[in-house]
Structure formats: C-alpha cells, structure tokens
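Engineer: Following this message is one structure expressed as structure tokens.
The values are calculated or read from the model by the stated rules, or taken from the named source; none is laboratory data. Note that the structure is predicted; figures quoted are calculated from it, not measured. Don't worry about glycine lacking a Cβ; one is built from the backbone with ideal geometry, like all the others, and counts go over all protein chains shown.
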Amino acid sequence: MIRIAKSDGSGYVEDTVNCDGANNALFDARQCLYNLSVLTLGPYSLVQGNPILPQIKFSNEIGWSDYSAVVTSPTLMQAKPHVPSVLPVKIAILTSGTQMGIRITALSGTATGGAPILSYNLQKDQAGGGSGPWSEVVGETTNQLQTEITINYLTGGKTYYFRYRAKNAHGWGLPGLVSAYLMASRPDKMSTPATTSNVGASVQVIWPASPNV
C-alpha cells in the first residue's frame with residue numbers, strides 16, 4: 001500500500017485508487033505513475049514547490065509491515081507556467097516598412113512552474129481592439145523558444161496588440177497583459193544635407209522631406 005503526505009503536513013492519505021498495491025502488475029513492476037493533476041486535488045492539495053512524500057508498506061498472511069522511511073531528497077510538485085509579468089516590447093531596430101520586431105521575456109525561477117519551458121506562444125489580436133479573438137504568431141503549432149520575433153506583412157499606420165504565454169510538460173499557462181504598438185518605424189536618415197542661406201539678418205536652414213515620415 002502507498003500513502004502520500006498532505007500539503008499542510010497534517011498527515012498522510014492512503015491511496016488504493018491511483019496506485020492499488022493489490023494489482024499484481026503494479027506490485028511486480030514496483031512503481032506507480034501519478035499525473036500531478038491528481039495531487040493538486042483534495043485530500044492531497046499539493047501546490048508548486050511542495051515535496052511529494054510517498055511511503056510504502058507490504059502485507060502477507062501474517063500482517064502488515066510498518067511504513068517505509070520518508071525520502072530525504074523528494075521530488076517537488078510542479079505546475080503550469082505562471083502568467084508572464086513583462087509585456088511584449090517592440091524592437092525599433094527590427095521594425096520598418098511592413099515588418100515589426102517584438103521581444104518577449106523568458107520565464108525563469110518559480111515562474112516556469114518548476115519544469116523546463118517548452119515553447120513561448122506569441123499571439124496577435126485579429127480584430128485590432130486588444131480583446132481578441134487572438135491568432136498565433138509563433139509557438140503554438142510548433143514549439144519555439146526564441147525571445148526576439150519578427151512579424152511580417154503588417155499594415156502601416158495600424159495599431160497591433162500582442163500578448164504571450166508559456167508551455168511546459170503540464171500544459172499552457174495563462175497569457176500575460178496586452179501591449180499595443182503602431183506599425184510605424186523611425187524616419188530614414190536624410191540622404192542629402194540641410195542647406196543654409198542668408199536672409200537679411202537671419203540664416204535660413206532648408207532640408208528635404210523624409211521619405212517615410
């Protein structure tokens with residue numbers, strides 16, 4: 001029989017549902033595979049960072065053994081990634097014409113949910129109001145971990161809204177807050193210098209128009 005400690009340290013829960021020691025196949029294999037979602041529910045109620053502390057005991061025709069000792073270096077409970085706390089940022093140097101660069105911030109520490117991040121999904125608002133529906137830019141159909149993303153074929157003068165979320169082995173976390181950026185880039189450098197001329201007691205400075213203001 002197996003039992004697992006509760007999150008509040010108040011005791012253990014004996015489990016014959018997810019790991020039934022009377023099952024000969026499990027007994028012979030000497031292992032059980034728990035989906036962590038089971039351990040988030042009562043009566044276990046484990047959360048990210050809680051140690052997973054199983055104990056085992058055996059029985060024969062004479063009776064039950066005592067429970068085994070508690071493991072000294074337990075596996076810690078994991079979870080889905082946290083909501084990103086940093087907004088997507090427009091990259092000016094990668095933005096021109098109909099192309100915009102967006103930088104997202106990689107999750108680290110406890111924000112990963114305790115498991116390696118497998119993908120970042122950058123999303124763009126289809127309707128353009130910042131409330132959805134949202135479409136994939138990168139990272140949902142195919143895993144990707146890049147934090148600098150170039151988006152092509154945008155419309156100049158239009159405002160675009162972006163958000164992102166992260167995925168680990170336990171699934172997708174919730175998306176973070178929304179950023180809004182105008183599809184525009186800084187003006188080009190003038191190809192010819194400004195000219196000057198004397199106008200009475202003043203100096204007149206004349207320059208050509210920028211091609212992309």
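Engineer: Could you give me the residue pairs with C-beta distances under 7 Å whose first residue belongs to segment 73-102 and is under 21 Å from residue 52 (Cα atoms) and touching a residue at least 60 places away in the same chain (Cβ under 8 Å), whose second residue is aromatic (Phe, Trp, Tyr) and surrounded by fewer than 20 Cβ atoms within 10 Å (Cβ to Cβ) wherever it lies, and which are 6+ apart or on separate chains?
Structural biologist: 80/172
Engineer: Could you list, ordered by first residue, the pairs with Cβ atoms under 6 Å in which the first is in segment 128-141 and not assigned by TED's automatic domain parsing to the domain that holds residue 172 and at pLDDT 95 or above and the second is crowded, with 17+ Cβ neighbours inside 10 Å and of a type in the set (Ser, Thr, Tyr), at least 6 apart or interchain?
Structural biologist: Qualifying pairs under 6 Å: none.
Engineer: Let me ask something else about it. Take the residues in segment 11-24 that are part of a loop (DSSP other than H, G, I, E, B) and closer than 19 Å to residue 75 by Cα, then tell me which one is modelled with the highest pLDDT. Let's see the steps before the verdict.
Structural biologist: Here is the first cut: in segment 11-24, the residues part of a loop (DSSP other than H, G, I, E, B) are 11, 16-23.
Checking the rest, the ones that are also closer than 19 Å to residue 75 by Cα come to 11, 18-19.
On the way: 11: 90, 18: 84, 19: 84.
So the residue we want is 11.
Engineer: Among the listed residues 46, 39, 76, 53, identify the single one that is touching a helix residue (DSSP H, G or I) at 6+ places or on another chain (Cβ under 8 Å) and closer than 30 Å to residue 118 by Cα. Show your work before the answer.
Structural biologist: Numbers: 39 fails: touching a helix residue (DSSP H, G or I) at 6+ places or on another chain (Cβ under 8 Å); 76 fails: touching a helix residue (DSSP H, G or I) at 6+ places or on another chain (Cβ under 8 Å); 53 fails: touching a helix residue (DSSP H, G or I) at 6+ places or on another chain (Cβ under 8 Å).
It is 46.
Engineer: Going by the conditions given, is residue 21 surrounded by 12 or more Cβ atoms within 10 Å (Cβ to Cβ) and outside the structural domain of residue 151 (by TED's automatic domain parsing)? First the steps, then the outcome.
Structural biologist: Numbers: surrounded by 12 or more Cβ atoms within 10 Å (Cβ to Cβ): yes; outside the structural domain of residue 151 (by TED's automatic domain parsing): yes.
Yes.
Engineer: If we keep just the residues of segment 82-127 that are in a strand (DSSP E or B), of a type in the set (Val, Ile, Thr) and surrounded by fewer than 19 Cβ atoms within 10 Å (Cβ to Cβ), which is modelled with the lowest pLDDT?
Structural biologist: 93
Engineer: Which number in (1) within 31 Å of the chain's Cα centre (by Cα); (2) in a loop (DSSP other than H, G, I, E, B) marks the one condition that residue 38 misses?
Structural biologist: Among (1) within 31 Å of the chain's Cα centre (by Cα); (2) in a loop (DSSP other than H, G, I, E, B), residue 38 violates only (2).
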